Amino acid sequence: MRISRCTAVLLASTIFATLALPFAPAETASPLAEALQPFVDKNTLAGAVMLVANRNRVLAVETVGYADLASHKPLGKDDLFWIASMSKPITATAFMMLVDEGKVKLDDPVEKYLPEFHDQWLAVEQDKEHVVLRKPARPITVRDILSHTSGMPFKSALEQPTLDLLPLKVAVRSYAMTPLVFEPGTKYQYSNAGINTAGRIIEVVSGMPYEQFLDKRLFEPLGMKDTTFWPSPDQQRRLAKSYKPNAEKTGLEEITVTQLKYPLDERTRQPMPAGGLFSTAHDLGRFCQLILNGGILEGDRLLSTDAVEQMTSKQTSPAIKESYGLGWTTGSGTFGHGGAYNTQMWVDTKNGLVLVLLVQHAGFLPGYDGQIHNAFLKAARKTFGR
């Protein structure tokens, strides 16, 4: 049988292509997704969005799992999460802009800007039957409220049943009326009230509502278009569902954001500087890049290097073991902040990386606390670290 020249060439090409297939490079899964997928498979984690960036660009954005377990809707890279206390470093960053401008000083007494804090009381003895009060040794300062060392409680008795009902001015007045629980500067106690008070000082000093100051001075310049206190209907369609371990501790059950009032886009809800924001991995990555770069991003300086250094270094006294800056949790070579539903961002100066992990869990199944965060950090640093 004779084979034409054209047929021979075609046959040879086909054989070559077939023989070459086993040697083609295989597509490998992302190390970030590989690190967290086992937790999804075990029904320990509903889903996660992971972002890694350096000073200049995003290196990876990956997702695993679901935004909605019931419908098996996969998580999207631009899905929104309630970031809760990750709002604190955002508020502190906005506040430090006013410090840069000389409009506020960190060691000024809070009462200089908010007269209602004049003549505060300190509770030195308290039980169900009585309270003994006396004057504190000194007034609380701006530095105290930003570093959780003011002696203010977590919240006031008026902030019920959710934390977003009172106008900021009213909430802060209720803090001023509440006795301190320890002498200012002597202990560390996590306090939404302190950070909310800083938000109110922003309003008084700038002459602008707190949420508008954030929009104009921080979110718009950074392109943080999905960071808001009031997610729109479109944004709510991209909002990841929240979960907690079920009663049997065998899986997950869906919950709401219990600290906030619904509907989430209702403007009667009040902006909460200490924990009210929703955001995305993209937006938080941009924010953390600003801080990693010492207050400058893409040639635009929003904050001084000195302000960044003060925020991200230990401001609690040497006698206090907890290491907290001004709105930021600080550590050796890394600083950042987490949220109530286990969202977390880190700025790793040793490796020159921004690391963002967004999940929506009010706790994890027994034995898994810390494992998911550590798995992400290990994979990210191994893949992208110096």
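The values are calculated or read from the model by the stated rules, or taken from the named source; none is laboratory data. Everything numeric here is computed off the predicted structure, so don't read it as measured data. Note that we place each Cβ from the backbone using ideal geometry, even for glycine, and neighbour counts take in every protein chain shown. Quick note on the areas: whole protein, heavy atoms, side chains included, nothing else; ligands and nucleic acids left out. Shrake-Rupley method; radii C 1.70, N 1.55, O 1.52, S 1.80 Å.
Using a Gaussian network model of the chain with C-alpha springs under 10 Å, which one of 313, 206, 191 is most mobile by mean-square fluctuation?
206
Cα gyration tensor of the chain, axes a ≥ b ≥ c as square roots of the eigenvalues: rounded (a/c below 1.5), prolate (a/b > b/c) or oblate? Walk me through the numbers before you get to the answer.
Working: a/c = 2.43, a/b = 2.00, b/c = 1.21.
Verdict is prolate for the chain.
Students often check this: by mean Cβ neighbours within 10 Å, which of 83-94, 250-261 ranks highest, and how do the rest follow?
Packing order, densest peptide first, comes out as 83-94, 250-261.
Is the shape of region 124-264 best called rounded, prolate or oblate, per the rule: a/c under 1.5 gives rounded, else a/b larger than b/c gives prolate, else oblate, with a ≥ b ≥ c the square roots of the Cα gyration tensor eigenvalues? All intermediate terms of the calculation are to be shown ahead of the outcome.
Working: a/c = 2.33, a/b = 1.30, b/c = 1.80.
Oblate shape, in that a/c is at least 1.5 and b/c is the bigger or equal ratio.
If 42, 155 are ordered by their accessible area, calculated over protein heavy atoms with a 1.4 Å probe, which sequence runs from highest to lowest?
Details: 42 120, 155 65 Å².
Solvent-accessible surface, decreasing: 42, 155.
Find how much the distance from residue 306 to residue 116 grows on full extension, using 0.36 nm per residue of separation minus their present alpha carbon separation; answer in nm with one decimal. Present the calculation step by step, with values, prior to reporting the outcome.
Values: separation 190, 0.36 × 190 = 68.40 nm, distance 3.03 nm.
Contour length minus Cα-Cα distance gives 65.4 nm.
Any chance you could run the full-extension gain for residue 34 through residue 70? It's 0.36 nm times the residue separation minus the Cα-Cα distance, nm to one decimal. Mind dumping the intermediate values first?
Working: separation 36, 0.36 × 36 = 12.96 nm, distance 2.29 nm.
Full-extension gain reported as 10.7 nm.
Could you give the dipole magnitude of the chain about its Cα centre, charging the beta-carbon of Lys and Arg +1 and that of Asp and Glu -1, in debye to the nearest 20? If you can, show how the numbers build up before the last one.
Numbers: 41 positive and 40 negative charges, 176 e Å.
It works out to roughly 840 debye.
Of the beta bridges DSSP finds with both residues in the chain, what % are antiparallel, to the nearest 5? Present the calculation step by step, with values, prior to reporting the outcome.
Working: 41 of 44 bridges.
DSSP beta bridges in the chain are roughly 95 percent antiparallel.
Relative contact order for the chain: what is it in percent, counting Cα pairs under 8 Å that are at least 6 residues apart?
Values: 754 pairs, mean separation 91.7, N = 386.
Across the chain, relative contact order equals 24 percent.
Rounded, prolate or oblate for region 78-160? Axes are the square roots of the Cα gyration tensor eigenvalues, ordered a ≥ b ≥ c, and the cut-off for rounded is a/c under 1.5. Walk me through the intermediate numbers first.
Working: a/c = 2.98, a/b = 1.33, b/c = 2.24.
Since a/c reaches 1.5 but b/c is at least a/b, the shape of region 78-160 is classed as oblate.
Tell me which of 296, 210, 146 sits at the most positive position along the dipole axis of the chain, charges placed on C-beta atoms (Lys, Arg +1; Asp, Glu -1).
My answer, from the dipole projection, is 296.
If the only charges are +1 at each Lys and Arg Cβ and -1 at each Asp and Glu Cβ, what is the size of the charge dipole of region 211-362 around the Cα centre, to the nearest 20 debye? Before the final figure, lay out the partial values.
Values: 16 positive and 17 negative charges, 43 e Å.
Here region 211-362 has a charge dipole of around 200 debye.
Tell me the accessible surface of residue 346 in square angstrom (1.4 angstrom probe, heavy atoms of protein chains only), to the nearest ten.
Per-residue accessible area (residue 346): approximately 30 Å².
Determine the alpha carbon to alpha carbon distance for each of 314/378; 244/378; 135/261; 169/249; 103/135 and list only those over 30 Å. Display every interim value, and only then the final one.
On the way: 314/378 25 Å; 244/378 24 Å; 135/261 36 Å; 169/249 41 Å; 103/135 28 Å.
Listed pairs above 30 Å: 135/261; 169/249.
Can you give the helix-only mean residue ellipticity at 222 nm for the chain, where every DSSP H stretch with n ≥ 4 adds -39500 (n - 2.57) and the sum goes over all residues, rounded to the nearest 500 deg cm²/dmol? Mind dumping the intermediate values first?
Numbers: 11 runs with 113 residues, N = 386.
Value at 222 nm, helices only: -8500 deg cm²/dmol.
Can you tell which of 105, 321, 128 shows the greatest fluctuation in a Gaussian network model of the chain with Cα springs below 10 Å?
128
I'd like the Karplus ³J(HN,Hα) series for region 295-310: coefficients 6.51, -1.76, 1.60, θ = phi - 60°, whole numbers in Hz, and an x wherever there's a Gly or Pro.
Per-residue couplings from phi come out as x, 10, 9, 6, x, 9, 8, 9, 8, 6, 4, 4, 4, 4, 4, 5 Hz.
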